[in-house]
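The values are calculated or read from the model by the stated rules, or taken from the named source; none is laboratory data. Bear in mind the structure is a predicted one, so any value in this text is a computation, not a measurement. We place every Cβ from the backbone using ideal geometry, glycine too, and count neighbours over all the protein chains shown.
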Amino acid sequence: MRKIIVTICLVFLASGSAFAGGFTIYEASVRANGMMGAFAAYADHVSTIYYNPAGLSKLEGIHISGGATIIAPRSTFRNLSSLGPVGTRTATKGQNFLVPNFYGSYQITDNLTAGIGIYAPFGLGTKWPADWVGRGSAIETSIETLFANPAIGYTLPDMGIGEIRIGAGLRVAFHGKVKLSRAVTSFTPEGTFVLDGELKEPAFGYNIGLQYEPMEEVTLGFTYKSEVTTKFEGDATFANLDVGFPDKATGGAEITLPSSFVAALNLKPVAGLTTELDVVWWGWSSYDELAIQFDEAVPALGGSTITNERNYKNAIQFRFGAEYDRLGIEGLTIRAGVGHDSNPIRDRYVDPTLPDSDRWLFSGGLTYSLTNYLDIDASYIFIRANQRKVTNTHEGAIDGVYTTYANLPGLGLTLKL
Amino acid sequence: MNYLTYYSKKLLTLTLLLVLASSCKDYSELDIEPVETGNADFSTYVAVGNSLTAGYQNDALYQSAQEFSFPNLIARQVNQAASFSQPLISNPGSGGRIELVSLEPLVTSRNSSQGQPINQQEKPFSNLGVPGAVLVDYLNPQNSGHLKERATNPEHPAFNPFYSIIMEDAELAKEAPNLHNQVAKQSPTFISFWLGNNDVLGFVTSGGEGQSITPPATFKQLYQGSAQAMASTGANVAVYTIPNVTSIPFVFYLRTQLEQQGAIAFNSETQSYQLATPEGSFDIYIETDGGPRVMRQSDFPILSAQAYFGKIQAGEAPLPIMPQDAIPDELVLDGPAGGPAGSSELEQAIGAIQRYNAAIANIASSSGFALVDINDIFGEIFANFQESGGTKGYQTDGITLRPVPGELFSFDGVHPTSRGSAVLANESIKAINQTFGANIPAINVAKIPEGFPVTSEASASLR
């Protein structure tokens with residue numbers, strides 16, 4: 001009968017993809033949104049602190065920018081598993097996530113600028129109906145993080161080969177929340193498992209960058225963001241699970257947010273037009289398992305740790321954006337962009353906590369300068385994730401077809417003093 | 001320059017169009033690949049049987065187990081789940097469900113509360129598995145099986161409330177109601193037929209003291225008639241053999257458990273089972289039709305004797321080491337003990353099953369039915385279990401289901417768990433694929449939730 005315990009353990013808590021590609025938020029600035037995030041060689045806005053700290057040294061005086069992007073993802077699932085009739089369709093409950101950003105910079109000397117950014121680089125969530133066919137995999141999943149990123153940028157002395165800018169920053173995850181809930185179908189009546197966690201202590205990482213501008217029309221950008229290893233801790237509650245579970249337990253998990261590397265090329269082919277192509281590489285392969293450690297043994301789990309293999313692969317994003325400011329309307333700049341993201345989750349591990357898939361992104365945006373000092377920024381992104389059919393999935397996941405799209409309006413202000 | 005403006009505008013227009021397009025939620029109709037069912041047609045699937053077909057588990061019929069009845073799982077695999085109706089009973093079901101009270105130590109108890117039938121208006125049901133049904137119920141010629149009384153007269157000693165939950169009132173109002181009329185009425189294209197277990201199981205679960213065994217000749221005749229009736233509907237049919245009683249935990253598990261605990265041991269010198277006591281080991285006595293005698297290798301104290309052994313271990317009942325204190329007959333399935341050949345309960349049961357299965361196999365092959373040889377499959381699982389010293393059983397999808405309560409079998413020791421049902425469905429699919437040239441996909445058994453019933457604080461406080 002010992003086996004009962006072991007099998008429950010196997011399928012119990014597989015929710016792990018909550019920390020996958022689709023939960024990286026590259027929308028850290030309304031202005032960059034318009035360019036579809038192709039921004040690492042761009043050096044005209046203070047949000048460069050996120051996109052490439054080397055861009056800081058090009059900013060003169062004081063820059064302040066704040067804004068928010070609303071992310072409204074919608075997913076549907078159509079069942080192909082033996083857990084319910086084939087084709088049964090379920091939609092996520094519509095959720096809108098407000099993702100804020102704030103940046104400020106101050107030019108210390110002619111070629112040295114310091115700044116700070118606050119943004120949310122990982123987040124989002126899904127919410128499925130409590131009685132849906134995949135409730136044993138996930139009901140509600142959400143994660144939110146806030147990072148502070150003090151940074152400096154420096155322009156190297158002229159060596160006659162064009163301008164070289166470098167920058168570096170400290171990235172501090174200072175706020176984080178995770179929530180996972182799912183039905184426990186190992187028992188009748190079914191129970192519910194809820195994990196509510198918070199970032200236990202600030203976690204640190206860094207970003208460094210380089211921009212090289214051999215001539216005025218061409219800029220190359222490179223930037224690297226390190227991994228950030230975060231520790232989450234919180235309460236696990238076991239509702240309606242009276243046999244084999246405590247009422248409550250404290251659990252923790254270490255989640256390593258991946259490193260990323262960006263190579264960017266910015267070209268200004270004609271007056272007024274700026275174009276940029278960025279290639280973003282995410283080091284997801286470090287995410288091979290998620291282990292949740294409880295501070296006491298849970299009989300139904302046969303121990304105090306649940307380990308769930310994830311085996312992610314690295315992922316690449318291509319982002320292209322363009323900006324034009326000579327429309328003949330004084331103070332108006334328009335932007336548009338297109339991107340393609342590959343996702344890090346192998347088919348076998350796709351689950352409804354985050355039905356990630358490769359996707360196309362399209363953006364539009366504009367800036368209107370109200371005065372010499374104040375700009376209004378607006379952007380709109382539409383994301384269309386490829387329909388993804390997964391079969392023969394890992395324990396805890398469910399076979400079926402996922403469809404996801406998202407709308408992301410954004411609005412912000414930029415102040416130049 | 002104009003070109004650039006045009007270019008930007010075009011991108012913006014494209015974006016807007018895509019935003020608008022997002023109002024249609026799925027990108028495309030789900031292209032469900034048709035299941036290759038070969039010569040079999042599952043458009044109207046009707047399942048006939050007993051508790052095993054009904055999805056009965058843990059000594060009760062309840063919704064969350066019925067969801068995983070093997071016929072319902074087959075219906076899902078052939079994309080007919082939406083039209084496959086079952087007589088659902090809300091949790092905790094038909095009463096007396098065995099539930100987990102604690103995992104460590106493992107304690108179970110019976111839940112005395114009952115659920116309610118919830119979809120009676122959907123009659124006639126596609127799943128006509130009636131817990132307790134016997135072979136004669138299928139045709140019930142001239143009411144010779146007394147189905148009418150057993151179904152409608154609560155005073156009848158063999159009254160069974162499931163008939164009226166599962167069959168239509170109009171059918172039960174007839175002089176000689178039967179299951180076949182409920183089947184034929186639905187013009188089935190496919191029938192799964194698994195009756196016959198209770199023709200011997202009632203004898204076994206009562207330690208040979210209750211219902212008598214249907215004589216094999218009668219069984220063969222009834223089966224032949226049932227097969228002809230099914231064939232006349234034009235449906236494709238799959239039939240199932242009757243598993244040997246010694247391969248179900250209800251019969252073998254308690255003895256194995258007691259041996260593992262060291263409470264009893266087989267003494268090869270005396271060829272008898274002995275009870276371990278502080279004063280030493282003593283022969284165990286069992287009551288049989290021929291009077292009390294020593295327990296031998298072919299005698300099985302059945303799962304319902306668990307409480308009896310609990311009492312003995314607690315010192316609340318006399319040790320069964322004297323003929324006058326023998327284990328009661330209804331708690332032991334006794335094997336041959338030197339009486340006339342074939343007279344022991346075990347021999348009677350095994351002999352009947354062998355002849356039943358020979359008849360079933362014959363009729364299946366002459367009628368072009370698929371034969372799901374559950375007896376063979378369970379026999380192999382049991383052999384794996386015994387030969388591996390209790391570590392192996394049925395290996396599938398990365399898991400091992402041993403033939404013990406909590407794995408392949410539910411806590412009642414007779415009926416499979418939800419995963420056990422998935423094994424039955426997969427074995428059915430295998431036979432159907434072979435016989436009808438179909439290619440129905442198998443179920444990933446590891447993905448089927450165990451659904452162990454547990455005593456919740458809510459229901460405990462009601463009692």
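The set of residues in segment A:151-162 that are touching a strand residue (DSSP E or B) at 6+ places or on another chain (Cβ under 6 Å) and modelled with pLDDT under 95 contains only A:Gly162. Scanning segment B:82-119 for residues that are touching a helix residue (DSSP H, G or I) at 6+ places or on another chain (Cβ under 7 Å), outside any loop (DSSP other than H, G, I, E, B) and over 30 Å from A:Gly302 (Cβ atoms) yields B:Ile89, B:Pro117. Here the strands (runs of 3 or more DSSP E) wholly within segment B:252-360 that include at least 2 residues being touching a Phe, Trp or Tyr at 6+ places or on another chain (Cβ under 8 Å) and either small (Gly, Ala, Ser) or without any contact (Cβ under 8 Å) to a residue 24 or more places away in the chain (or both) are B:264-267, B:272-277. Taken over segment A:376-396, the criterion of being out of contact with any Asp or Glu (no Cβ under 8 Å at 6 or more places or on another chain), farther than 23 Å from A:Pro73 by Cα and more than 9 Å from chain B (Cβ to nearest Cβ) is satisfied by A:Ile376 alone. Residues that are under 18 Å from B:Thr246 (Cα atoms) and within 14 Å of chain A (Cβ to nearest Cβ): does segment B:333-353 have at least one? The answer is no; no qualifying residue exists.
Taking segment A:187-208, which residues are assigned to a strand (DSSP E or B) and more than 14 Å from chain B (Cβ to nearest Cβ)? Explain how you work it out, then say what you get.
At the first step, the residues of segment A:187-208 found to be assigned to a strand (DSSP E or B) are A:187-188, A:191-199, A:203-208.
Across segment A:187-208, the qualifying residues are A:Val194, A:Leu195, A:Asp196, A:Gly197, A:Glu198, A:Leu199, A:Ala203, A:Phe204, A:Gly205, A:Tyr206, A:Asn207, A:Ile208.
Residue count for segment B:401-443 satisfying the condition of being modelled with pLDDT of 95 or more and aromatic (Phe, Trp, Tyr): 2. In segment B:387-409, the residue that is surrounded by the fewest Cβ atoms within 10 Å (Cβ to Cβ) out of those that are out of contact with any Pro (no Cβ under 9 Å at 6 or more places or on another chain), β-branched (Val, Ile, Thr) and within 12 Å of chain A (Cβ to nearest Cβ) is B:Thr391.
All of (1) at pLDDT 95 or above; (2) farther than 29 Å from A:Ala43 by Cβ hold for A:Glu140 with one exception: (1).
Sub-8 Å Cβ pairs linking a first residue in segment B:103-132 that is without any contact (Cβ under 8 Å) to a residue 40 or more places away in the chain to a second residue that is in a strand (DSSP E or B) and surrounded by fewer than 20 Cβ atoms within 10 Å (Cβ to Cβ), at least 6 apart or interchain, are B:Val107/B:Val101, ordered by first then second residue.
Before we move on, is A:Phe174 under 23 Å from A:Tyr287 (Cβ atoms) and within 14 Å of chain B (Cβ to nearest Cβ)? Break it down into steps so the answer makes sense when it comes.
Numbers: under 23 Å from A:Tyr287 (Cβ atoms): yes; within 14 Å of chain B (Cβ to nearest Cβ): no.
No; evaluated as a whole, the condition is false for this residue.
Set side by side, the residues B:Ser69, B:Ser90, B:Ser85 differ, and just one is in contact with a Gly (Cβ under 8 Å, 6 or more places away or on another chain) and surrounded by fewer than 20 Cβ atoms within 10 Å (Cβ to Cβ), which is B:Ser90.
When restricted to residues that are more than 20 Å from the chain's Cα centre (by Cα), over 17 Å from A:Asp351 (Cβ atoms), within 11 Å of chain B (Cβ to nearest Cβ) and of a type in the set (D, E, K, R), segment A:59-95 contains 1.
For the residues B:Ser69, B:Ser85, B:Ser51, B:Ser43, the requirement of being at pLDDT 95 or above, more than 9 Å from every other protein chain (Cβ to nearest Cβ) and farther than 27 Å from A:Gly87 by Cβ singles out B:Ser51.
I'd like the full set of residues that are more than 14 Å from chain A (Cβ to nearest Cβ) and touching a strand residue (DSSP E or B) at 6+ places or on another chain (Cβ under 9 Å), limited to segment B:113-130.
Result: B:Gln114, B:Gln116, B:Pro117, B:Ile118, B:Pro124, B:Phe125, B:Asn127, B:Leu128, B:Gly129, B:Val130.
Scanning segment B:380-392 for residues being modelled with pLDDT under 95 and under 26 Å from B:Pro441 (Cβ atoms) gives a total of 2. Within segment A:69-92, the set of residues being assigned to a loop (DSSP other than H, G, I, E, B) and of a type in the set (S, T, N, Q) comprises A:Ser81, A:Ser82, A:Thr88, A:Thr92. With respect to (1) within 20 Å of B:Pro441 (Cα to Cα); (2) aromatic (Phe, Trp, Tyr); (3) within 10 Å of chain A (Cβ to nearest Cβ), the lone exception for B:Tyr62 is condition (1). Restricting attention to segment B:120-166, the residues that are surrounded by fewer than 14 Cβ atoms within 10 Å (Cβ to Cβ) and among the polar types (S, T, N, Q) total 4. Inside segment A:304-320, residues that are touching a residue at least 40 places away in the same chain (Cβ under 8 Å) and in contact with a helix residue (DSSP H, G or I) (Cβ under 7 Å, 6 or more places away or on another chain) make up a count of 4.
Let me confirm something: among B:Ala40, B:Ala133, which residue is in a loop (DSSP other than H, G, I, E, B), within 30 Å of B:Ala231 (Cα to Cα) and under 17 Å from the mean Cα position of the chain (by Cα)?
Values: B:Ala40 fails: under 17 Å from the mean Cα position of the chain (by Cα).
On inspection, the qualifying residue turns out to be B:Ala133.
Restricted to strands (runs of 3 or more DSSP E) entirely inside segment A:120-186, those with at least 1 residues that are touching a residue at least 12 places away in the same chain (Cβ under 8 Å), closer than 26 Å to A:Gln211 by Cβ and out of contact with any Gly (no Cβ under 9 Å at 6 or more places or on another chain) are A:140-155, A:163-184. Might you check whether a residue that is surrounded by fewer than 20 Cβ atoms within 10 Å (Cβ to Cβ) and within 12 Å of chain A (Cβ to nearest Cβ) occurs anywhere in segment B:411-429? No - not one qualifying residue is present in segment B:411-429.
Restricting to segment A:255-291, and then to whatever is β-branched (Val, Ile, Thr) and touching a Ser or Thr at 6+ places or on another chain (Cβ under 7 Å), can you tell me which residue is nearest to the other protein chains (Cβ to nearest Cβ)? Give the steps one after another, and end with the answer.
Narrowing segment A:255-291 to residues β-branched (Val, Ile, Thr): A:255-256, A:262, A:270, A:274-275, A:279-280.
If we keep only those that are touching a Ser or Thr at 6+ places or on another chain (Cβ under 7 Å) too, we end up with A:255-256, A:262, A:280.
Numbers: A:Ile255: 26, A:Thr256: 28, A:Val262: 22, A:Val280: 20 Å.
Ranking the candidates gives A:Val280 first.
Taking the criterion of being among the charged types (D, E, K, R), touching a residue at least 40 places away in the same chain (Cβ under 8 Å) and closer than 30 Å to A:Ile292 by Cβ, the residues of segment A:187-237 that qualify are A:Glu190, A:Asp196, A:Lys200, A:Lys225, A:Glu227, A:Asp235.
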